[in-house]
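Data first, discussion second: the structure below is written as structure tokens.
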């Protein structure tokens, strides 16, 4: 990367140095805002995680419900195949399904222990499932003893069909209840996520306002003491968020170590550059220019902004921007804070993909297809 051009000198009217008390109050306000934002974010993240856990819980219930229906259909298919063909290989899926059913029924009961309505349905399902398995076992046993006519006569009574219809109806009720709960829980998760983002954006704006006030006071004063300069540098460099300061031409005049790590460039390759000319993907430049014009109008805001890392990979950030104005309200630049949200964006994309995939595989199979 070529050496950056020197930063243009900015002529600024010097005001009376701010008092130590003003700077101290600004720092205390920033610290208080940071603590408050941390507490709000912790509560919002906990709420989102709880909502997400309930969504996963409903999906597990639906999965177990489908597995019970599938195993019963497999057992019935194996029984019919054996009765019609007298071939023992049809008994393998029958025995496999019969052995697996108790475990899945127990898991379904455990998953729904918080829901009395579902537990009541499972109480009704248990004797029906036992009756169905007994009916299947009886016909298989009769046929194996050479009493094929007796086995078929038992099937023709339609006792097994009535029992299976009752089982399917109960499982459908379980499924419908969980689908309603799943929709409610997905809405709750979306609401929790929206609250989290709102608190994060609002908190960053508060922090930006507090630190921005301190930075502005320090930039106005040409007579700051070495201790005050060290104090500012300590706050600026110790910040875990990426921070930079732009001049009125959107040229970077200052950046901290977190910003260097975020972009993958050393600080000397960052300072002095117009950021959209070097650190964005071409398709994001127009959006960055629009943000710059809004800042010139004094609009402070929080929004997502994508950078191009030195390695070429995208880095998604939550940008909190605050305009800096000189005496008389003239625009002098901006103070920008960046939070890395790349993992969040990837998790959202992965969540949408898994939700779509789950919806596809959880779609009930028609009974007539299971019986063929």
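The values are calculated or read from the model by the stated rules, or taken from the named source; none is laboratory data. Note that this is a predicted model, so its numbers are computed, not measured. Here Cβ is always computed from backbone atoms with ideal geometry, including for glycine, and neighbour counts include all displayed protein chains.
For segment 89-117, which positions are surrounded by fewer than 16 Cβ atoms within 10 Å (Cβ to Cβ) and not in a helix (DSSP H, G or I)? Result: 113, 114. Note on segment 309-347: residues that are more than 17 Å from residue 205 (Cα to Cα) and touching a strand residue (DSSP E or B) at 6+ places or on another chain (Cβ under 7 Å) amount to 9. Among the residues making up segment 83-124, those that are touching a residue at least 40 places away in the same chain (Cβ under 8 Å) and under 21 Å from residue 155 (Cα atoms) are 83, 86, 91, 94. Condition first: touching a residue at least 24 places away in the same chain (Cβ under 8 Å) and buried (at least 17 other Cβ atoms within 10 Å of the Cβ). Now tell me which residues in segment 134-154 satisfy that. Residues satisfying the conditions are 135, 136, 139, 140, 143, 151. Among the residues examined, residue 120 qualifies as under 42 Å from the mean Cα position of the chain (by Cα), within 18 Å of residue 168 (Cβ to Cβ) and either modelled with pLDDT under 85 or surrounded by fewer than 16 Cβ atoms within 10 Å (Cβ to Cβ) (or both).
Rundown of residues vs (1) at pLDDT 65 or above; (2) assigned to a helix (DSSP H, G or I); (3) surrounded by fewer than 18 Cβ atoms within 10 Å (Cβ to Cβ); (4) out of contact with any strand residue (DSSP E or B) (no Cβ under 7 Å at 6 or more places or on another chain), yes/no style:
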| residue | (1), (2), (3), (4) |
| --- | --- |
| 1 | no, no, yes, yes |
| 28 | yes, yes, yes, yes |
| 66 | yes, yes, no, yes |
| 72 | yes, yes, no, yes |
